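Working notes for the structure below.
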Amino acid sequence: MVHLPYLSFHLPLLEQALRVPGISFPFLSSPFPSLAMADAPRLTVLVTGASGRTGQIAYKKLKEQHEQFIPRGLVRSEESKQKIGPDSDNIYIADIRDANGIAPAFQGADAVIILTSSVPKMKPGFDPTKGGRPEFYYEDGQFPEQVDWIGQKNQIDAAKAAGVKHVVLVGSMGGTNPNHPLNSLGNGNILVWKRKAKQYLADSGITYTIIRPGGLLDKEGGLRELVVGKDDELLQTDTKSIPRADVAEVCIQALQFEEAKFKALDLASKPEGGGTPTKDFKALFEQISSRF
């Protein structure tokens with residue numbers, strides 16, 4: 001068996017690269033209660049990266065809460081749109097590297113949840129029986145600088161130009177360490193570029209929430225106690241992972257509480273059964289004071 005301890009806690013991008021059953025590594029409906037907003041107008045919410053595994057969950061959750069939200073999605077191709085299935089109405093197709101091409105998706109949106117990410121792929125020929133570590137690469141045009149920096153910058157600029165009121169950006173824990181092993185995957189410096197985009201959003205003047213989850217689990221949401229932190233402190237603990245359904249829920253809850261605005265948080269969860277499942281999101285966001 002090959003052990004990859006330096007990859008064991010991270011990133012939506014590694015879900016496709018490593019294809020580890022049950023856990024994935026910067027995406028199930030859940031029983032979370034939503035904030036009562038009976039008298040409030042519905043919010044039009046754009047989910048970018050809506051065909052990704054967390055993106056699909058977020059888009060579905062918004063559709064299920066139709067009394068509060070009007071969901072939109074942004075995907076890169078018709079093939080990606082088809083992944084969303086019969087709920088693929090109100091889906092825009094555009095490449096986030098094309099600043100002009102993505103603009104229509106943002107027009108009239110009240111909020112945006114950014115779930116786009118570059119994804120490294122494993123080079124063919126790796127034989128786990130021979131030991132060693134697999135090598136990774138990025139497809140042309142899909143390097144972190146292009147997707148996680150330029151692509152996210154374009155989205156932030158488009159949101160600002162369209163008058164979007166709130167942007168939720170999902171990144172990843174680990175960005176405080178420029179020498180993190182994930183940065184060496186495909187020579188992409190992925191955490192460096194993700195951190196640059198987060199700083200750009202924090203400096204943009206737009207109301208924002210930055211969420212940095214740990215390792216993403218393909219588990220049911222709403223069953224665990226969520227834990228927040230800052231500056232990668234959670235990476236020094238045993239609490240480093242979280243179901244992607246919980247990440248999607250926190251993104252949506254962040255749109256509903258003043259306490260989530262202009263905040264940046266690391267996000268993980270206790271093991272199922274190891275705490276009281278989080279229901280009070282206002283209290284969760286109140287724990288955070290960090291702006292980046």
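A few notes on this one:
- Compactness of segment 59-99 as Cα Rg over 2.2 N^0.38 Å, two decimals: 1.23
- Using all pairs of distinct alpha-carbon atoms, the Kirkwood hydrodynamic radius of segment 106-250 works out to 16.7 angstrom.
- With a Förster radius of 25 Å applied to the beta-carbon distance between Phe292 and Lys165, the computed FRET efficiency rounds to 0.80.
- Here the chain carries DSSP beta bridges of which approximately 20% are antiparallel, counting only pairs with both residues inside.
- Full extension of the chain segment joining His66 with Ala40 gains 8.1 nm, where the gain is 0.36 nm per residue of separation less the Cα-Cα distance.
- Surface share of carbon and sulfur [accessible, 1.4 angstrom probe, percent] for the chain: 49
- Computed per residue of the chain from DSSP H runs no shorter than four, each worth -39500 (n - 2.57), the mean residue ellipticity at 222 nm is -7000 deg cm²/dmol.
- Bridgeable lysines around Lys230 (alpha carbons under 17 Å apart, same-chain partners fewer than 8 residues away excluded): Lys194, Lys196, Lys198, Lys240, Lys261, Lys263, Lys270.
- Length available on full extension from Lys123 to Arg97: 0.36 nm per residue minus the Cα-Cα distance, which gives 6.9 nm.
- A protection proxy built from the mean count of other Cβ atoms within 10 Å ranks the segments 178-191, 145-158, 279-292, most packed first, as 145-158, 178-191, 279-292.
- On the beta carbon distance between Glu258 and Lys130, with R0 = 45 Å, the FRET formula returns roughly 0.25.
- Placing dummy labels 7 Å off each Cα toward the beta-carbon, the span from Thr276 to Ser204 is 3.6 nm.
- Convex hull (Cα only) mean projected area of segment 126-208, reported in nm² to one decimal: 6.5
- Over 17 Å [Cα-Cα, segment 247-287], rounded percent: 28
- Accessible area of the chain divided out per residue, in Å², using a probe of 1.4 angstrom: 43
- Semi-axes of the equivalent ellipsoid of segment 50-129 are 27, 16, 11 Å, computed as sqrt(5λ) over the eigenvalues of the C-alpha gyration tensor in descending order.
- Each of the peptides 102-111, 231-240 was scored by the mean count of other Cβ atoms within 10 Å over its residues; in descending order, highest first, they stand as 102-111, 231-240.
- Average 1/r across all pairs of distinct alpha carbons in segment 186-292, invert it, and you get the Kirkwood radius: 14.3 Å.
The values are calculated or read from the model by the stated rules, or taken from the named source; none is laboratory data. Everything numeric in this text was worked out from a predicted model, so none of it was measured. Quick reminder, even Gly has a Cβ in these numbers, built from the backbone with ideal geometry, and neighbours come from all protein chains shown. For the accessible areas, the whole protein counts, side chains as well, though only heavy atoms, and no ligand, DNA or RNA atoms are used. Shrake-Rupley method; radii C 1.70, N 1.55, O 1.52, S 1.80 Å.
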